[in-house]
Every structure is written in structure tokens, then in C-alpha cells.
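Asker: Please see the structure below; I have some questions.
Only the coordinates and a few stated rules stand behind these numbers; no lab work does. Note that this is a predicted model, so its numbers are computed, not measured. Quick reminder, even Gly has a Cβ in these numbers, built from the backbone with ideal geometry, and neighbours come from all protein chains shown.
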């Protein structure tokens with residue numbers, strides 16, 4: 001008998017909420033201070049997904065912490081101005097919650113900024129479990145944050161789907177033993193995500209409801 005899916009783990013940025021403009025403008029603002037004129041919009045796209053520490057460590061090991069502080073300061077100041085929600089997200093998450101699915105956020109962001117995004121988009125009411133960067137030793141694609149969320153929800157990996165906009169999410173799901181769903185609205189593009197072979201590709205968040213119906217027949 002097929003194991004039924006009862007748990008959905010969501011990435012936050014670029015998946016549930018549209019933080020792409022905020023993140024890109026924050027990276028450009030930060031990098032302009034340290035490397036004037038060197039980085040364009042396209043150059044910072046690979047920085048979406050990894051932790052800030054990973055990204056800035058590669059660029060400038062001596063100034064990593066300082067650059068993170070500059071990044072966070074601008075990011076928080078401009079957060080509510082630039083963050084929006086993706087179409088179909090609120091309704092889909094509400095339906096999942098009402099249908100009794102167990103839901104969690106698994107993100108490489110720090111908790112204080114995660115909460116800001118959830119409150120702004122009114123999604124905070126649906127998530128009792130949030131595993132943020134502050135809670136783990138190893139970020140996605142390591143399975144640790146996903147397993148931590150599953151443990152808090154009292155769920156098994158085979159009962160869960162990890163939904164995200166980045167290859168870290170798909171690989172994290174595979175490493176943890178969950179099913180995986182990529183979102184076609186990823187700023188990195190659908191084709192990039194397909195190379196990591198997610199189980200599903202969502203064109204709209206509402207597609208998740210059809211997938212779950214098919215999975216749980």
C-alpha cells in the first residue's frame with residue numbers, strides 16, 4: 001500500500017513569498033559598497049539559495065561578518081516595501097491547513113526575518129513549525145533542517161513533500177528521503193531546476209492540491 005502524504009515542507013523565499021527583488025537589490029547594495037561597479041543583476045542570481053555566510057565567505061573571508069551585517073540592515077529596512085506574495089499561495093496553504101495537512105517552513109534565513117515575511121503576507125497563522133538558520137548546524141541541502149521539521153511535526157520522510165525554488169530544496173528533500181516539488185516561478189528558471197529531477201514541477205502553487213489528491217488516492 002502506498003504511503004499517504006500528510007506533511008508539506010515549504011521553503012520561504014522565492015517559493016511562498018516573492019523576496020526576489022528584495023534579495024537582488026540587497027546583494028547589489030551590499031556588493032556596491034565593497035566592489036563598486038563590479039556586480040550586475042545577473043551576477044547575483046547564483047547567490048539566491050545558499051546562506052549569506054557561504055556566499056560572502058567565498059567573496060571575502062576577512063569581511064564576511066561585516067558584509068552580512070550590511071546586507072541584513074538594508075534587507076530589513078526595505079523588507080515590507082519590496083516583498084509580495086506569489087499568486088495562489090495564500091489560498092493553497094489555507095486549503096492545506098484546513099484539510100489537515102501538517103505544514104512547516106524550512107529556510108536558510110534567520111528566524112526574525114522569516115517571521116517578518118510570514119506576518120506581512122498573513123501566512124504566519126498556518127505555520128506552527130519553522131526551522132530557520134538559527135536552529136541548525138547545517139543548512140539545506142543537508143537533510144538536517146528537513147529532518148528537524150519532520151521530527152517536530154511527528155512525520156516520517158516518506159509522508160512528506162519538500163517544496164522549493166532552488167536546487168538546495170530538491171537536494172535537501174532527496175537527502176532527507178522526502179518527495180520533492182520545484183516551483184516553475186523560480187528566478188533561476190524551470191530548466192535549471194529540472195536538471196535536479198524533482199518529483200513534481202508546480203506551475204502554480206494550487207497544482208500541489210492536485211498532486212496530493214493523486215498521491216493519496
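Asker: At a threshold of 8 angstrom on Cα-Cα distance, excluding pairs fewer than six apart, so keeping six or more, what relative contact order does the range 20-82 reach in percent?
Answerer: Rounded, it is 42 percent for the range 20-82.
Asker: Using the Cα atoms as the points, what is the convex hull volume per residue of the chain in Å³?
Answerer: Output value, Cα hull per residue: 113 Å³.
Asker: Compute the Cα gyration tensor for the range 93-157, then decide on rounded, prolate or oblate, letting a ≥ b ≥ c be the square roots of its eigenvalues: rounded whenever a/c is under 1.5, prolate when a/b is larger than b/c in the other cases, and oblate in all that remain.
Answerer: It comes out oblate by the Cα gyration axes.
Asker: How far, in degrees from 0 to 90, does helix 89-98 lean away from the longest principal axis of the Cα atoms of the chain, to the nearest 10?
Answerer: For helix 89-98, the angle is close to 40 degrees.
Asker: Ok, one more. Arranged from highest to lowest average of other beta-carbon atoms within 10 Å per residue, in what order do the peptides 38-46, 183-191 appear? Could you put the intermediate results ahead of the total?
Answerer: Details: 38-46: 12.4, 183-191: 17.1.
In decreasing order of mean packing, 38-46, 183-191 become 183-191, 38-46.
Asker: In the range 20-82, what is the volume of the convex hull around the alpha carbon atoms, normalised per residue and reported in Å³? Before the final figure, lay out each step's value.
Answerer: Numbers: hull volume 4.9 nm³, N = 63.
Measuring per residue, one finds 78 Å³ for the Cα hull of the range 20-82.
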